[in-house]
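Beneath this line is the structure, given in structure tokens, with notes to follow.
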Amino acid sequence: MVALSAEQRAVLVALLLKANRVVPDVEVAARLPSGDVPGAVAGLRDVVGGELLRSVDGGHVLAVGDVGALWDVALREVFAGRDDEVRELARLVLDGGSVVVSGGAGIGKSALVERVVEVVREHFPDGVVRVGPREGSPGPRLRALGGARRRVLVVLDGVTGSARVRPVLAEGVPVLATCRDDLPDLPVRGFRLGPLDERGAGAVLTAVAGGVVADAAGLIGLCGGVPLALRVAGAALGGVPTPGGQGWFEPEVRSPVTDVLARAEAAVGAGAWEALRLLSLAPGPDFTPSAAAALVGGTRDGALARLELLATAGLLERPSPGRYRFHDLVRAHAAEQVEQVEGTGRAALGRLVRFYRDAAGRAADVVAPLVPRPRFPERTAALPRFADAELAGRWFAAERENLVAAALVAGAPDSWRLGCAVAGFLVARGHGVDAPAVCAAGLADARRVGDADGEAAALVALGRVRAATGDHAGAREAFAGAVAVSRPQGLVVWELEALLGLAAAHHALGDAAEGAARAAEALELARRTGSARGEAEARASGG
């Protein structure tokens, strides 16, 4: 993976802060040729953010004080230096199968994919289906296009893991996805995207800055060949010489950057700055004020105030009402800082997993009140409340990617409890492909810490998931394992659930005798423990 150094990342975050005027005395202009002004910039009012958008020497000067104008320039896709990658990726797509383009933040994955789509589009006459990071499954759209005869290409941009890709692969169409990480567990081809070479990086920097940039070679090196970094730097610093004509690596140049970051911290406050660091640990794509409160510590209102302050400063984005997310570069910079404080990150992540565990458990009680699940005291403040199953289901749907990501955090406390609460919803809502991984992660963590209750519960949840998805042999194996764990420990709740599931699995596999025998065991245990529901299910299975 391409990784910027801490120093490089600090410079780029400083540029973002300048762009959003967290440091109000920064006055930098980005110059563009008049014929190459993006439409979003061309349509700006004459007065932008209190500063003039004026024509100078046949060009346009944009004051950095305007957030929107700078980002229209900085995030404008200037595609250069990727001819070889375009040809190779297009060949892989046309050869059949699916491809995951991986690479670090801002390396140009999305831009490359869009250029390749233009090249191969004519080979997919039924269309290109694009799915963003927070959009639902494209399955219904694909099926509406005509079943197995459809010739479409699905583009999944910004996936956070394999769980996002698997259900689309199951539709039997080629997938072109972008992800920061490699996904070796998927039956796809991997395409690792590296940094631009010096020539390509120079073309990007010059195009964005609208002319020659002072000490371009130094700035290219500082940006590590990362296209997004080059666009941000070019937009903020185009045509502006370094102090005293020195190079970007000189201490006299770097020290103002450190000063910018220090003043930015002062501008948003130490509390918000520390919150930014901890928020970078969130494993999912976004977070709510309640989740932020759990991660950072404190009340929901306090977390909301910090989130709004950080969003106003341009350090967080608001993708939808009540939800916040990072820009990749800011997240990477903040995460690097929090890692320097030993133990802080692990404790914060544990609080977040417990929040999702408690909230998911509360939602599961409303959606499926009769399904046994692990019980435990809620230890999280600011939990959501659900008046009915519809509201609980909406919460599950909105938080699905975050819940799955949290459940898959290795070594997280009580991850098996979160997995048990989430698995049933995933299957019921058509995301069964995520559920086995969630259950397996919880099972592994329960075994790691020697938690027999967690191991039995996770095995029961895994058995239910496999049964619901038609894997009855796998369900039989999981339920048998749950019986073997729960019976010696006297965990009668899980033993009963495992016996009921085992009976159903045997019947589904055509072994009526074994099914009846396990149902009889379940009936006896249900009577002994006073479980009317268990007794009824056991009788229905032939007990």
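The values are calculated or read from the model by the stated rules, or taken from the named source; none is laboratory data. Quick caveat: nothing in here was measured; it's all calculated off a predicted structure. Cβ coordinates were reconstructed from backbone atoms using ideal geometry, including for glycine residues, and neighbour counts include every protein chain displayed.
Search region 110-163 for residues being of a type in the set (D, E, K, R), at pLDDT 75 or above and in a helix (DSSP H, G or I), and hand back the single one that is farthest from Glu401 (Cα to Cα). Before the answer, list the steps.
Taking region 110-163 first, the residues of a type in the set (D, E, K, R) are 114-115, 118, 121-122, 126, 130, 134-135, 141, 143, 149-151, 157.
Filter once more, keeping what is at pLDDT 75 or above: 114-115, 118, 121-122, 126, 130, 151, 157.
Keeping just the survivors that are in a helix (DSSP H, G or I) gives 114-115, 118, 121-122.
Details: Glu114: 24, Arg115: 28, Glu118: 30, Arg121: 30, Glu122: 33 Å.
In this case the residue turns out to be Glu122.
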Q: Go through region 313-330 and count every residue that is crowded, with 20+ Cβ neighbours inside 10 Å, at pLDDT 75 or above and outside any strand (DSSP E or B).
A: 1
Q. Which members of region 494-518 meet the condition of being surrounded by fewer than 20 Cβ atoms within 10 Å (Cβ to Cβ) and part of a helix (DSSP H, G or I)?
A. His507, Ala508, Ala512, Ala513, Glu514, Ala516, Ala517
Q.
Which of the numbered conditions does Val483 fail, given that it passes all the others? Conditions: (1) free of Cβ contacts under 8 Å to residues at least 24 places away in the same chain; (2) in a loop (DSSP other than H, G, I, E, B).
A. (2)
**Q.** Some residue of region 107-126 being surrounded by fewer than 19 Cβ atoms within 10 Å (Cβ to Cβ), among the small types (Gly, Ala, Ser) and more than 21 Å from Gly200 (Cβ to Cβ)
**A.** no
Q. Of Val409, Val460, Val422, which residue is of a type in the set (Val, Ile, Thr) and modelled with pLDDT of 90 or more?
A. Val460
Q | Matching residues in region 188-215 - criterion: being assigned to a loop (DSSP other than H, G, I, E, B), modelled with pLDDT of 85 or more and surrounded by 15 or more Cβ atoms within 10 Å (Cβ to Cβ) | A | Val188, Leu193, Pro195, Leu196
Q | Residues of region 79-106 satisfying the condition of being in contact with a strand residue (DSSP E or B) (Cβ under 7 Å, 6 or more places away or on another chain) and either in a loop (DSSP other than H, G, I, E, B) or within 28 Å of Leu205 (Cβ to Cβ) (or both) | A | Leu89, Gly97, Ser98, Val101, Ser102, Gly103
